[in-house]
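Undergrad: Shown below is the structure under consideration.
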Amino acid sequence: MKICFSILGLLLFSFNHCYAQLRPGYDKNEAMELLKVNFQFADSTYSDSMPTPDRFEFKYRSRTVGFDNKWDYWEDKAGVGVLSLRGTTGTFASWGANFYAGMVPAKGWIKTSEKDTFYYELSKDPKALVHVGWTTALGCIWQDMDSVLFAQIDQGKKEFYITGHSQGGALAYLLTAHLLIMKENGIIPADVQFKTYCSAAPKPGNLYFAYYYEKMTQDGWHTIR
């Protein structure tokens, strides 16, 4: 009897942790699930008839910030989180972020409001440049995301997907760079793992940004749908 209960307990433990341990490389099942997460922004340019995710459960949606930006937090039964970034909407503000296309150094600061300043480092390469509109949008999102993400990390969560479509994909690149540099700088624990899926994402930076980004995400931790 004890053996039966031990086996049952092991099976239940395995079931609850079947999604744990993020693995590098493209996985079509992951990609499909994260697309479903992306398309739950029914007030964006996507259809609200898209199927809902099977694996992930909705936990949090931010208020509208920046250039009509929003982000969602989803989580599966094993505690693997998803940071989902909304793509371009039909508003002037959202398209303004796309067209505000000047390039700025990948390390610096941006005033996101009269009282808020976003200090960012998206590359260690001094030649790296990034799209100022999307970097500003990231700064506005980060003001809201910061406390939510670190609350999850403080609770022991160590695995997170980052995902976005279109403008959301560009923001996913920049968010990934921001978080990985924070890991390099010891602000985020070294054992926290991020895996990024982007779809239809425009380029958020110059070649020097791309080279350093590729270095940080090599071995399959960033995939493009």
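Undergrad: For the stretch 84-201, what is the relative contact order in percent, using Cα pairs closer than 8 Å and at least 6 residues apart in sequence?
TA: Averaging sequence separation for qualifying contacts and normalising by length gives 30 percent for the stretch 84-201.
Undergrad: Work out from phi, with θ = phi - 60° and the Karplus expression 6.51 cos²θ - 1.76 cosθ + 1.60, the ³J(HN,Hα) of each residue of the stretch 160-177, listed in order in whole Hz, and give x for Gly and Pro.
TA: Those phi angles translate into 9, 8, 10, 8, x, 10, 6, 4, x, x, 4, 5, 5, 4, 5, 5, 4, 4 Hz.
Undergrad: Quick check: pseudo-label points 7 Å beyond the Cα along Cα→Cβ at Lys203 and Glu57, how many nm apart are they?
TA: Placing both labels 7 Å along Cα→Cβ, they lie 4.3 nm apart.
Undergrad: Put +1 on the Cβ of each Lys and Arg and -1 on the Cβ of each Asp and Glu in the stretch 20-224; which of Gly102, His178, Asn69 then has its Cα farthest toward the positive end of the dipole?
TA: Farthest towards the positive end: Gly102.
Undergrad: Further, regarding this structure: If a/c stays under 1.5 just call it rounded; otherwise compare a/b with b/c (prolate if a/b is bigger, oblate if not). Do that for the stretch 20-224, with a ≥ b ≥ c from the square roots of the Cα gyration tensor eigenvalues.
TA: Since a/c stays below 1.5, the shape of the stretch 20-224 is classed as rounded.
Undergrad: Which of rounded, prolate or oblate describes the stretch 120-225 when judged by the alpha-carbon gyration tensor and an a/c cut-off of 1.5?
TA: rounded
Undergrad: Here's a follow-up. Which one, Asn206, Val148, Trp134, is farthest towards the positive end of the dipole of the stretch 87-225 when Lys and Arg carry +1 and Asp and Glu -1 on their Cβ?
TA: Asn206
Undergrad: Which trypsin sites (Lys or Arg not before Pro) does the stretch 82-173 hold that lie in a coil by DSSP with at most 10 other beta carbons within 10 Å?
TA: Passing both the DSSP loop test and the Cβ count: Lys115.
Undergrad: Once fully extended, how much extra length lies between Met103 and Tyr211, figured as 0.36 nm per residue of separation less the alpha-carbon to alpha-carbon distance?
TA: Full extension from Met103 to Tyr211 adds 37.2 nm.
Undergrad: Ok, one more. Kindly express, to the nearest 10 degrees and within the range 0 to 90, the angle between helix 2-16's C-alpha long axis and the longest C-alpha principal axis of the chain.
TA: So the inclination is approximately 20 degrees.
Undergrad: Compute the helix-to-body angle for 28-38: its Cα long axis versus the longest principal axis of the chain, expressed 0 to 90° and rounded to tens.
TA: The angle comes out near 60 degrees.
Undergrad: Moving on to the next point. Go through the stretch 143-154 residue by residue and turn each phi into a ³J(HN,Hα) via Karplus (6.51, -1.76, 1.60, θ = phi - 60°); whole Hz please, and just put x for glycine and proline.
TA: The phi angles translate into 4, 8, 6, 3, 5, 5, 5, 5, 5, 5, 5, 5 Hz.
Undergrad: Taking θ = phi - 60°, what integer Hz values does the Karplus form 6.51 cos²θ - 1.76 cosθ + 1.60 yield along the stretch 65-75, in sequence order, with x for Gly and Pro?
TA: Ordered by residue, 3J(HN,Hα) equals 9, x, 8, 6, 8, 9, 9, 10, 10, 10, 8 Hz.
Undergrad: Sticking with this one: So for the chain, averaging the separation of alpha carbon pairs under 8 Å that are six or more residues apart and normalising by length, what relative contact order in percent results?
TA: Computed over the chain, the figure is 20 percent.
Undergrad: Only four residue types carry charge here, +1 at the Cβ of Lys and Arg and -1 at the Cβ of Asp and Glu. Report the dipole size of the stretch 20-224 about the Cα centre in Debye, rounded to the nearest 20.
TA: 300
Undergrad: Can you tell me the mean projection area, over all orientations, of the convex hull of the stretch 147-200's alpha carbons? Units nm², please.
TA: With the hull built on Cα positions only, its mean projection is 3.5 nm².
Read-outs: derived from the displayed coordinates by stated rules, not from any lab. Not measured: the values here are computed from a predicted model. Neighbour counts run over all protein chains shown; Cβ positions are idealised from the backbone, glycine included.
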